[in-house]
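Peer 1: The structure's right below; bear with me while I get my questions together.
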Amino acid sequence: MPGVGKRVAILQSNYIPWKGYFDIIGAVDEFVIYDTVQYTKNDWRNRNKIKTPDGLQWVTIPVHHHLAQTIEGTKVSDPRWAKRHWSSLVANYARAAFFPDCEDLFRHLYGDLASEESLSAINRRFISEICGILGINTRITSSRKYPLAGNPTERLVGICRALGASEYLSGPSARDYIDEARFDEASIRLSYMDYSGYPEYRQLFGPFRHDVTILDLIFNEGPDATGFMKSFAREAAICGMR
């Protein structure tokens, strides 16, 4: 039976995503991690950006890559990535105002994930932990739970139907391929996240950049982090602080 006013979003997992990714999660009732699709090389699946004194720097999880593998089938190729990434975060964010408050949590998280072989599992763990930090209570599931058939839009509609969704919230870049008529036929409202107009926050190593991991915002703004996002009307419990 369709849910009343149930809003759903479906995105591929990213590694320590930017704030807009979490705004989408925070704006819906159920979020589906879409990792049963093909892994895309040189994308956000296994990497993201941090700020450094020398400009933006990619932090990348090395993975084995072969033709037509799925995201959930992608395996880490070098377990030393976790130690290297944590060292990069310490080197570049140790002077951020709230890094000390979050240091233990993330040090243990990177330590726990060093032995994890699945890229999808690593991304899911970070997404879940960061949702907890931000106070996001949205239910998160995997696309593997749902029957997938047809073209890309039909698969999205199929997941929404299985969830009893009345509305589907999409990232704006999907306008290039989504067949909006399919959502109309299914009586599911289609809306797009608006990423414009984000306010700047205090950030190390200017000039200001929005296109960085959300860890940059958390480390610099602590309990005020959600005030610089769109789907929140409250302060977050950042690393146990209020």
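Every number in this text was worked out from the coordinates using simple rules, so none of it is lab data. Please read these numbers as outputs of a predicted model, since none were measured by experiment. All Cβ positions, glycine included, derive from the backbone under ideal geometry; neighbour counts span all protein chains shown.
Peer 1: Report the relative contact order of the chain, percent, no decimals, based on alpha-carbon pairs under 8 angstrom and at least 6 residues apart.
Peer 2: Across the chain, relative contact order equals 28 percent.
Peer 1: Still on this model: How large is Rg over Rh for the chain, taking Rg from the Cα atoms and Rh as the Kirkwood inverse mean of 1/r across Cα pairs?
Peer 2: Reported Rg/Rh, Kirkwood definition of Rh: 0.96.
Peer 1: FRET efficiency for Ala97 and Ser196, Cβ-Cβ distance as r, R0 = 25 Å, nearest 0.05?
Peer 2: 0.40
Peer 1: Select from Arg45, Arg144, Arg124 the residue whose mean-square fluctuation is largest in a Gaussian network model of the chain (Cα-Cα springs shorter than 10 Å).
Peer 2: With Cα springs under 10 Å in the chain, the top fluctuation among Arg45, Arg144, Arg124 is at Arg144.
Peer 1: Give the value in nm², to one decimal: projected area of the alpha carbon convex hull of the range 1-114, averaged over all directions. Present the calculation step by step, with values, prior to reporting the outcome.
Peer 2: Values: hull surface 37.9 nm².
Quarter of the Cα hull surface area: 9.5 nm².
Peer 1: Return the percentage of antiparallel bridges among DSSP beta bridges fully within the chain, rounded to the nearest 5 %.
Peer 2: Bridges in the chain that DSSP calls antiparallel: roughly 40 percent.
Peer 1: If you don't mind, another one. If R0 is 30 Å, what FRET efficiency do you get for His64 and Asp179 from their C-beta distance, rounded to 0.05?
Peer 2: Calculated transfer efficiency: 0.35.
Peer 1: Express in nm, to one decimal, how much length is gained between Glu117 and Asp224 on full extension, taking 0.36 nm for each residue of separation and deducting their alpha carbon distance.
Peer 2: 35.1 nm
Peer 1: Oh, and also: What are the residues whose amide H is under 5 Å from the amide H of Thr52, where those residues sit 5 or more places off or on another chain and H is modelled from the backbone?
Peer 2: So Thr52 has HN proximity to Gln57.
Peer 1: Tell me what the chain gives for mean residue ellipticity at 222 nm when only DSSP H runs of n ≥ 4 count, each as -39,500 (n - 2.57), the sum divided by the residue total, rounded to 500 deg cm²/dmol.
Peer 2: -10000 deg cm²/dmol
Peer 1: Give, in nm to one decimal, the length gained when the segment between Lys83 and Glu154 is fully stretched (0.36 nm per residue of separation minus the Cα-Cα distance).
Peer 2: 21.5 nm
Peer 1: Also, quick follow-up: How many nm is it between the label spots at Arg139 and Gln38, if each spot is 7 Å from the Cα in line with the beta carbon?
Peer 2: About 3.2 nm separates the two model spin labels.
Peer 1: Using each residue's phi in the range 34-51, evaluate 6.51 cos²θ - 1.76 cosθ + 1.60 at θ = phi - 60° and report the 3J(HN,Hα) Karplus result to the nearest Hz, with x for Gly and Pro.
Peer 2: My calculation for the range 34-51 gives 9, 9, 8, 9, 5, 5, 10, 6, 6, 10, 7, 4, 10, 7, 7, 10, 10, 9 Hz in order.
Peer 1: Using a Förster distance of 30 angstrom, determine the FRET efficiency expected from the C-beta separation of Phe208 and Asp104, and round it to 0.05.
Peer 2: The calculated FRET efficiency here is 0.60.
Peer 1: Of all the stretches in the chain, which is the longest one without any exposed loop site, taking GluC sites (Glu not before Pro) in a DSSP loop (any state but H, G, I, E, B) with at most 14 other Cβ atoms within 10 Å?
Peer 2: Here the longest run is 1-116.
Peer 1: If one computes the Cα centroid of the range 127-199 and of the range 58-95, what distance in Å separates the two points?
Peer 2: 26
Peer 1: For the range 184-198, take each phi angle, set θ = phi - 60°, evaluate the Karplus expression 6.51 cos²θ - 1.76 cosθ + 1.60, and give the result in whole Hz per residue in order, putting x for glycine and proline.
Peer 2: Couplings: 4, 4, 8, 6, 10, 5, 10, 10, 10, 5, 9, 8, 7, x, 5 Hz.
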